[in-house]
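Chemist: Following this message is one structure expressed as structure tokens.
Please treat every number below as a calculation from the coordinates, not as lab data. Since the structure is predicted, the reported quantities are computational estimates derived from the model, not experimental observations. Heads up, the Cβs are rebuilt from the backbone with ideal geometry, glycines too, and the neighbour counts pull from every protein chain shown.
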Amino acid sequence: MLDQVGQPRPESVDLSEASGRALFTDVLASHAMPPFASSAMDGYAALPSLAGVPLRVVGESRAGHPFAGELNAGEAIAISTGALAPDGVGVVPIEVVTLDDGVVTPAGPISAGDHVRLPGEDLPMGAVALTAGTVLRPAELSVIAACGYAEVTCAVRPRVSIVVTGDELTSPGSALAVGQIHESNGIGLRGLAEQSGAEVVHKTRCADTREATGQALSDALKRAEIVIASGGVSVGEHDHVRAVLTEDLGVKEVFWRVPLKPGGPTWFGIGPDGQLVFGLPGNPASAFVTYTLFVAPAIRALLGQIPLPNTWPAATAQDLPLRNREQAVRVTLDPRADGPPLAHATGAQGSHRTTSMAGAWGLALLPAGDGTLPAGSIVQVEPLPH
Ligand code: AMP
Ligand code: MG
């Protein structure tokens, strides 16, 4: 699937709009950071001198207002945190001096560089501050601002279209007729796609007919680079997604069915214009799991990020039944001082159980096998974004 994903594209984004976006290029320090030698303390700056030697205060260097004169031996200037420190000085903190009639006497000696931050100490000019693919959180936005940039080059957010299928679905907020359920994958998939850094431009629901499914998916293909369908991708007589995509809409099937529980019927294909088309199973836990394991990596790749996440080892908290296919068990993680965290399954794991996703920290990836995986086994956990 990742072989089919195109390259990220750049766009310039105002820093105030860039939260959560992925960097397209490295960000380089446009100047040394900090840009000049400055005091790390409020106190007095002087050339090196011995403890107890009185120094005449000849001026002040405040933040934003450097001392303009010349500083000689036997003299000091008042200095505030962040103010320019003249060449060769050390700073003595205000707490360890006595001041009397314009003369300051430090309790200890002053050496050059005491409490002075050097230019470029954080980043030399031209150094890589952040690498391409980095997701911009508040800390990274601050780094970019500190580098002096008002705009930043981000990867264009891929457009996502979501099509939920099913005659039994009705909107949340409306009463249920017999045989109906409230449609819940749409809001979940929208949130997941947004968390991944994509832009959801279209979301629609369609009935289980070939015509309705065709209309909805054809619309979706026109609007987005990534189409996520939910439901209708299995072998039932009323499952039209695959046939519509491949026979009516020119989408080339790349794979169908994966040895995974939940998520067996997952389908993936490439649209006529290179769209990435995912047919996710309709069961809510299946949709969440397969989004996480298939769609999220594709979006990360399109944003120039490392597509596959780092998994973390954890120890299972209970015996877990193995199956003839891999399993993605939704877990919470309990930290432990003496080993990897304990992974607790979020209750029963039936693929129809919406609550099995709620509160989950990650997916514990169990190998296929026979019998039971005993409590205390080490498994890899794919973290879920939060
Ligand atoms: P399907 O993949 O269409 O065979 O659906 C499998 C199961 O998931 C059925 O029980 C559906 O009612 C349920 N389901 C399908 N789509 C949704 C949805 N959007 N929200 C909640 N449940 C769904
Ligand atoms: Mg269905």
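Chemist: Near residue 222, which lysines are there with a Cα under 25 Å away, not counting those fewer than 8 places off in the same chain?
Modeler: Straight-line reach from residue 222, under 25 Å: 203, 252.
Chemist: Take every DSSP beta bridge with both residues inside the range 171-285 and express the antiparallel ones as a percent of the total, to the nearest 5.
Modeler: Close to 60 percent.
Chemist: Could you calculate the contour length gain from residue 337 to residue 187, that is, 0.36 nm times the residue separation minus the distance between their Cα atoms, to one decimal place in nm?
Modeler: Numbers: separation 150, 0.36 × 150 = 54.00 nm, distance 3.75 nm.
Gain on stretching residue 337 to residue 187: 50.3 nm.
Chemist: Follow-up question, since we're still on this one. If each of residue 174 and residue 201 carries a label point 7 Å out from its Cα toward its Cβ, how far apart are those two points in nm?
Modeler: The two pseudo-label positions are separated by 2.7 nm.
Chemist: If you don't mind, there's one more thing I want to ask. Going by Cα centres, the range 181-209 and the range 1-43 are how many Å apart?
Modeler: The distance from the Cα centre of the range 181-209 to that of the range 1-43 comes to 31 Å.
Chemist: So how far apart, in nm, are the two label points at residue 127 and residue 100 if each is 7 Å from Cα heading toward Cβ?
Modeler: Taking the two extended label points, one gets 4.4 nm.
Chemist: Test of understanding: what is the full-extension gain from residue 235 to residue 14, defined as 0.36 nm times their sequence separation minus their Cα-Cα distance?
Modeler: Extra length available between residue 235 and residue 14 comes to 74.8 nm.
Chemist: Taking every DSSP beta bridge with both residues inside the chain, roughly what % is antiparallel (nearest 5)?
Modeler: 65
Chemist: Please work out the FRET efficiency for the pair residue 111 and residue 28, using the Cβ-Cβ distance as r and a Förster radius of 25 Å; give the result to the nearest 0.05.
Modeler: 0.15
Chemist: Continuing with the same structure: Rounded to the nearest 0.05, what FRET efficiency do residue 368 and residue 209 have when you use their Cβ-Cβ distance and R0 = 41 Å?
Modeler: My answer for the efficiency is 0.65.
Chemist: Per-residue counts of other Cβ atoms within 10 Å, averaged by peptide: what ranking do you get for 192-205, 357-370, highest first?
Modeler: Result, highest mean Cβ count within 10 Å first: 192-205, 357-370.
Chemist: Taking only DSSP H segments of four or more residues, each worth -39500 (n - 2.57), what value at 222 nm results for the chain once the sum is divided by all its residues, to the nearest 500 deg cm²/dmol?
Modeler: About -3500 deg cm²/dmol.
Chemist: Between the alpha-carbon centers of the range 296-312 and the range 256-286, tell me the distance in whole angstrom.
Modeler: Computed from Cα coordinates, the inter-centre distance equals 17 Å.
Chemist: Once phi is turned into ³J(HN,Hα) by the Karplus curve 6.51 cos²θ - 1.76 cosθ + 1.60 with θ = phi - 60°, what whole-Hz value does each residue of the range 23-29 show in order, with x for glycine and proline?
Modeler: Result, ordered by residue: 5, 8, 10, 5, 9, 9, 5 Hz.
Chemist: Between the range 360-379 and the range 80-122, what is the separation of their alpha carbon centroids in Å?
Modeler: So the separation of the two Cα centres works out to 59 Å.
Chemist: Now for a separate question. Reachable aspartates and glutamates from residue 261, Cα under 13 Å, same-chain residues fewer than 8 places away excluded?
Modeler: Residue 261 reaches 326.
Chemist: Calculated FRET efficiency, residue 323 and residue 354, Cβ-Cβ r, R0 30 Å, to nearest 0.05?
Modeler: 0.90
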